[in-house]
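Colleague: Right, I'll just put the structure down here and ask away after.
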Amino acid sequence: MKQLSRRQFLKSSAFTATTIAISTSLSACISRADRQNLSIVNFNYGVASGDPSSSSVILWTHAEPQDKSQLVNIQWELASDSAFTQVVRSGLVSTKQNQDFTAKVDVQELSPATQYYYRFIGAQMTSPTGITRTLPQGSIEQVKLVVVSCSNYPAGYFNAYQDAAQLKDIDAVVHLGDYIYEYPMGGYATDKANEIGRALAEDNATELLNLEDYRKRYALYRSDKGLQALHAAAPFIVVWDDHEVCNDTYKNGAENHNAGEGDFFIRRAAAIQAYYEWLPIRPPYGEQKPEIYRSFEFGSLLSLYMLDTRLIGRDKQLSYQDYRDTKTQQLDVKSFINDLNNPKRTLMGKTQFSWLETAVSQSTSQWQMLGQQVLMAKMLIPSEVFAGGELAQTAQRIAALKTLKDQLDAGGNLSKAERTRLASVMPYNLDAWDGYPAEREAVYALFKTLNKPLVVLAGDTHNAWYSKLKDKDGYPIGVEFATPGITSPGMETYLKLDDNSAPKVASDLTALIDELEYCNLHQRGYLVVTVTPQNMLAEWRFIDNILSEDYRIIDSYQLNKPA
């Protein structure tokens, strides 16, 4: 794959110089003439806020004009009350077609730990009201985060977003990626789309390849009521995963970027531009840069580091198939292990790792948290689980191994062959940190050296996981909380599990995988993490239905991690 130079990348990205209006306490007030020049627009995709700090926040909307050839002017207001009788800041913001009529305002010089209300105003219409918050400073008693990922529009309704929007006292929503999916109609997770009224539009039903494709897909996703409700309820802190570009992206290609689909870097630039347009993010290195890693400080209680494990540093994923003999299918274990443990293999890249090292070293917060995409825990599963036959029989193979493990734990005598069955383990997902073990050890060494326990948030798998993280020597490093998907199908689909068999398989896997403490393999939902000086509470909330907008919370799982 040809790699573009920086000059070529900038040329292909088609970014404007800036698409964010900046407002300080010295910004001018709105005049009567300004109000008379407001455009006739619709706010069909609601409002959003994001990237809060203790003194600033990004406000976002999409203003659809009647005449798309004209510059659009709209007013925005930020108030301390929902009736907007106490407007603390207001101004004008413009947008146009080369910004896809999205508008952002970076409101600065605000008070810390403060709730604000905001809205946008056109000539004839006012947007819905959104609620946002600035981050706290100093000593605080609690931070409450909603953690979400993996929302696939054709797979179902975003009811988990809708439910999360009803929660109280949320400081921020942490979105760990797969905000959209690039697949065409008839592809992944679209089998019920027509039946439930979630089909892709005819002019956007193919795989996403160019800027217009990505923009239309974002518009479709943002039409969902649940997503609009959650965006209006709290500020988002976002990072992309792979499907914002295409499946299993790495630094110079992707599994789902194939021959005939053009230059990968031009596609990636288009995907990034649409992301920056449609998400309430303040691009940390500028709108022409793919670097998205950045940090957020919640007083002296929590430092949150948002990482990119996809686009800028990741080496291509290894594949077991590449190490199998074409005739015998025998795995070349020695070559595979040598390549897997290559100390130069990276998921983050040197620059991002150096940034993280400096940021963690300088942090004085009580809790250190990584917000990133893929599972960090060692998910080492007996090799016969996925190499022993038909997927439909996987549950039975896992159950048989669990029986052997129970016998071993009870002091029973196992044969050499039976012990080998349990001891012969392999990582089930080489796209996760298991495919980059040397860099994972480097991350663990960083936190171990600084004596700072690590808390990791993960998405990507569409399932819920809780693991206790250990380095290669078994030293405890921290914990990992992974959120289930909003609608994307989970392991129950791949392993052909139903509501009866899935909990049993989840329990058996927890016994077989050393670091794993809990998992849910078959329900969609989200995660709520509440941080206090004393402990960290993680609550997984699961919904019963994504095939219509009718749903209820049917299950939850809670755990406390003491400080």
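Colleague: Any residue at all in segment 187-200 that is in contact with a helix residue (DSSP H, G or I) (Cβ under 7 Å, 6 or more places away or on another chain), closer than 19 Å to E244 by Cβ and free of Cβ contacts under 8 Å to residues at least 40 places away in the same chain?
Modeller: Yes: one or more hits.
Colleague: Is it the case that some residue within segment 404-424 is closer than 30 Å to N152 by Cα and buried (at least 18 other Cβ atoms within 10 Å of the Cβ)? Lay out the reasoning, then the answer.
Modeller: Just the residues of segment 404-424 that are closer than 30 Å to N152 by Cα, to begin with: none.
The answer is no, given that none of the residues of segment 404-424 is closer than 30 Å to N152 by Cα and buried (at least 18 other Cβ atoms within 10 Å of the Cβ).
Colleague: Which residues, taken from segment 160-176, are in contact with a strand residue (DSSP E or B) (Cβ under 8 Å, 6 or more places away or on another chain), crowded, with 16+ Cβ neighbours inside 10 Å and either free of Cβ contacts under 8 Å to residues at least 60 places away in the same chain or not aliphatic (A, V, I, L, M) (or both)?
Modeller: Correct list: Y161, D163, D171, H175.
Colleague: Among S300, S319, which is of a type in the set (G, A, S) and closer than 30 Å to P533 by Cβ? Outline the logic, then answer.
Modeller: Values: S319 fails: closer than 30 Å to P533 by Cβ.
The match here is S300.
Colleague: I'm told F15 meets every condition in (1) at pLDDT 95 or above; (2) closer than 28 Å to V245 by Cβ except one. Can you identify the failing condition by its number?
Modeller: (1)
Colleague: Looking at the structure I just gave you, is D325 open to solvent by 10 Å² or more (accessible area, probe 1.4 Å) and touching a residue at least 12 places away in the same chain (Cβ under 8 Å)?
Modeller: Values: open to solvent by 10 Å² or more (accessible area, probe 1.4 Å): yes; touching a residue at least 12 places away in the same chain (Cβ under 8 Å): no.
Considered against the rule, which asks whether it is open to solvent by 10 Å² or more (accessible area, probe 1.4 Å) and touching a residue at least 12 places away in the same chain (Cβ under 8 Å), D325 comes out as no.
Colleague: Consider Y285 carefully, then state whether it is within 24 Å of T95 (Cα to Cα), surrounded by fewer than 19 Cβ atoms within 10 Å (Cβ to Cβ) and of a type in the set (F, W, Y).
Modeller: Numbers: within 24 Å of T95 (Cα to Cα): yes; surrounded by fewer than 19 Cβ atoms within 10 Å (Cβ to Cβ): yes; of a type in the set (F, W, Y): yes.
So Y285 passes the test.
Colleague: Looking only at segment 469-488, which residues are of a type outside the set (S, T, Y) and either over 26 Å from P343 (Cα atoms) or under 21 Å from the mean Cα position of the chain (by Cα) (or both)?
Modeller: Kept after step one, since they are of a type outside the set (S, T, Y), are these residues of segment 469-488: 469-474, 476-482, 484-486.
Answer for segment 469-488, where residues must be of a type outside the set (S, T, Y) and either over 26 Å from P343 (Cα atoms) or under 21 Å from the mean Cα position of the chain (by Cα) (or both): L469, G478, V479, E480, F481, A482, P484, G485, I486.
Colleague: Give the residue that is most open to solvent (accessible area, probe 1.4 Å), with candidates limited to residues of segment 36-69 that are among the small types (G, A, S) and in a loop (DSSP other than H, G, I, E, B).
Modeller: Keep residues of segment 36-69 that are among the small types (G, A, S), which gives 39, 46, 48-50, 53-56, 63, 69.
Filter once more, keeping what is in a loop (DSSP other than H, G, I, E, B): 39, 46, 53-56, 63, 69.
Values: S39: 21, G46: 4, S53: 36, S54: 30, S55: 50, S56: 13, A63: 0, S69: 90 Å².
Of everything passing the filter in segment 36-69, S69 is most open to solvent (accessible area, probe 1.4 Å).
Colleague: For segment 425-438, give me each residue that is part of a helix (DSSP H, G or I) and crowded, with 23+ Cβ neighbours inside 10 Å. Explain how you work it out, then say what you get.
Modeller: Filtering segment 425-438 down to residues part of a helix (DSSP H, G or I) leaves 433-435, 437-438.
The answer is W433, and nothing else.
Colleague: Given segment 87-140, what strands (runs of 3 or more DSSP E) lie entirely inside it while holding 1 or more residues that are at pLDDT 95 or above and over 29 Å from the mean Cα position of the chain (by Cα)? Lay out the reasoning, then the answer.
Modeller: Numbers: elements: 87-95, 102-107, 115-121, 130-133.
Once the strands (runs of 3 or more DSSP E) in segment 87-140 are filtered for at least 1 residues that are at pLDDT 95 or above and over 29 Å from the mean Cα position of the chain (by Cα), what remains is 87-95, 115-121.
Colleague: If you don't mind, another one. For Y183, are the conditions met, namely being surrounded by 21 or more Cβ atoms within 10 Å (Cβ to Cβ), of a type in the set (S, T, Y), in a loop (DSSP other than H, G, I, E, B) and touching a strand residue (DSSP E or B) at 6+ places or on another chain (Cβ under 9 Å)? Before the answer, list the steps.
Modeller: Values: surrounded by 21 or more Cβ atoms within 10 Å (Cβ to Cβ): yes; of a type in the set (S, T, Y): yes; in a loop (DSSP other than H, G, I, E, B): yes; touching a strand residue (DSSP E or B) at 6+ places or on another chain (Cβ under 9 Å): no.
For Y183, the condition - surrounded by 21 or more Cβ atoms within 10 Å (Cβ to Cβ), of a type in the set (S, T, Y), in a loop (DSSP other than H, G, I, E, B) and touching a strand residue (DSSP E or B) at 6+ places or on another chain (Cβ under 9 Å) - is not met.
Colleague: Name every residue in segment 276-290 that is part of a loop (DSSP other than H, G, I, E, B) and in contact with a strand residue (DSSP E or B) (Cβ under 6 Å, 6 or more places away or on another chain), in order of residue number. Write out each step before concluding.
Modeller: Here is the first cut: in segment 276-290, the ones part of a loop (DSSP other than H, G, I, E, B) are 279-290.
L279, P280, I281, R282, P284 - these are the residues of segment 276-290 that are part of a loop (DSSP other than H, G, I, E, B) and in contact with a strand residue (DSSP E or B) (Cβ under 6 Å, 6 or more places away or on another chain).
Colleague: Can you name every one of the helices (runs of 4 or more DSSP H) wholly within segment 329-394 that holds 3 or more residues which are open to solvent by less than 10 Å² (accessible area, probe 1.4 Å)? Explain how you work it out, then say what you get.
Modeller: Details: elements: 333-340, 350-362, 384-387.
Answer list for segment 329-394: 350-362.
Colleague: Residues in segment 126-158 that are of a type in the set (D, E) and crowded, with 17+ Cβ neighbours inside 10 Å: how many? Write out each step before concluding.
Modeller: As a first pass, look at segment 126-158 and keep what is of a type in the set (D, E): 141.
Remaining after also requiring crowded, with 17+ Cβ neighbours inside 10 Å: none.
The total comes to 0.
Colleague: Return only the number of the condition from (1) closer than 30 Å to K561 by Cα; (2) touching a Ser or Thr at 6+ places or on another chain (Cβ under 8 Å); (3) not β-branched (V, I, T) that Y323 does not satisfy.
Modeller: (1)
Colleague: Return the residue satisfying two criteria in turn: it lies in segment 230-282 and is crowded, with 23+ Cβ neighbours inside 10 Å and polar (S, T, N, Q), and of such residues it is nearest to T95 (Cα to Cα).
Modeller: Q273
Colleague: Look at segment 70-98 and say how many of its residues are open to solvent by less than 50 Å² (accessible area, probe 1.4 Å) and over 23 Å from Q273 (Cβ atoms). If you could, list the steps in order and put the result at the bottom.
Modeller: Our first condition is that a residue be open to solvent by less than 50 Å² (accessible area, probe 1.4 Å); within segment 70-98, this holds for 72-79, 81, 84, 89-91, 93, 95.
Still in the list and also over 23 Å from Q273 (Cβ atoms): 75, 77-79, 81, 84, 89-91.
Adding up the residues that qualify gives 9.
Colleague: Kindly provide the set of residues from segment 349-369 that are in contact with a Phe, Trp or Tyr (Cβ under 8 Å, 6 or more places away or on another chain) and under 17 Å from L311 (Cα atoms), ordered by number.
Modeller: Correct list: Q352, W355, L356.
Colleague: Report the residue count in segment 305-328 for those that are within 18 Å of P283 (Cβ to Cβ), part of a loop (DSSP other than H, G, I, E, B) and touching a strand residue (DSSP E or B) at 6+ places or on another chain (Cβ under 7 Å).
Modeller: Residues in segment 305-328 being within 18 Å of P283 (Cβ to Cβ), part of a loop (DSSP other than H, G, I, E, B) and touching a strand residue (DSSP E or B) at 6+ places or on another chain (Cβ under 7 Å): 3 in total.
Colleague: Before we move on, is L401 in contact with a helix residue (DSSP H, G or I) (Cβ under 9 Å, 6 or more places away or on another chain), surrounded by 16 or more Cβ atoms within 10 Å (Cβ to Cβ) and modelled with pLDDT of 95 or more?
Modeller: So L401 passes the test.
Colleague: Assuming I554 fulfils every condition listed in (1) modelled with pLDDT of 95 or more; (2) under 28 Å from Y221 (Cα atoms) apart from one, which condition is it?
Modeller: Against the list (1) modelled with pLDDT of 95 or more; (2) under 28 Å from Y221 (Cα atoms), I554 comes up short only on (1).
The values are calculated or read from the model by the stated rules, or taken from the named source; none is laboratory data. If you're wondering where the values come from, they're calculated on a predicted model, not measured in any experiment. Here Cβ is always computed from backbone atoms with ideal geometry, including for glycine, and neighbour counts include all displayed protein chains. Accessible surface is based on the protein model in full, side chains and every heavy atom, while ligands, DNA and RNA are left aside. Shrake-Rupley method; radii C 1.70, N 1.55, O 1.52, S 1.80 Å.
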